[in-house]
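One structure is given below, encoded as structure tokens.
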């Protein structure tokens with residue numbers, strides 16, 4: 001994926017993000033997974049997650065995986081606005097792509113929302129059976145500046161997609 005619009009170079013300043021991302025290395029947040037059978041469909045298993053962010057608050061979202069396909073799979077991470085309904089793209093999940101949908105927290109500064117996306121990408125990479133994570137920043141809809149920035153930071157390895165990977 002490429003950004004739908006150009007991001008100002010200062011939004012991707014490596015020294016700024018690397019210093020902010022150091023907090024990710026020390027982060028001790030656990031994930032709580034709750035089955036959501038009310039959101040499931042044939043071939044789609046859905047779990048709700050709650051994850052502690054770097055400020056001690058909680059991030060909330062959904063994780064969906066195909067029950068018809070086994071083995072390692074890639075995942076797509078996307079964000080939705082605070083007032084938006086949390087939904088998974090069931091057809092894409094049935095086709096074999098796992099999906100993480102993060103509900104952005106209202107009133108959080110952009111830098112914190114970017115780190116929330118990076119944190120969830122790390123959780124996704126630690127999820128059993130997930131081989132890679134792609135951030136969907138809503139290029140067709142102009143949805144999320146935070147996701148667009150996080151995607152570029154991860155692609156260019158300004159921050160690490162894995163908590164265990166060294167920062168460049």
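Computed from the coordinates by the stated procedures, all read-outs in this text should not be read as laboratory data. Computed from a prediction, not measured in an experiment: that's the story for all the values here.
Mind putting together the pair-distance distribution for region 57-114? All Cα pairs, 10 Å bins, whole percent per bin, short to long.
Calculated over all Cα pairs of region 57-114, the distribution is 22, 46, 24, 8 percent.
How large is the convex hull of the Cα atoms of region 1-131 per residue, expressed in Å³ as a whole number?
127
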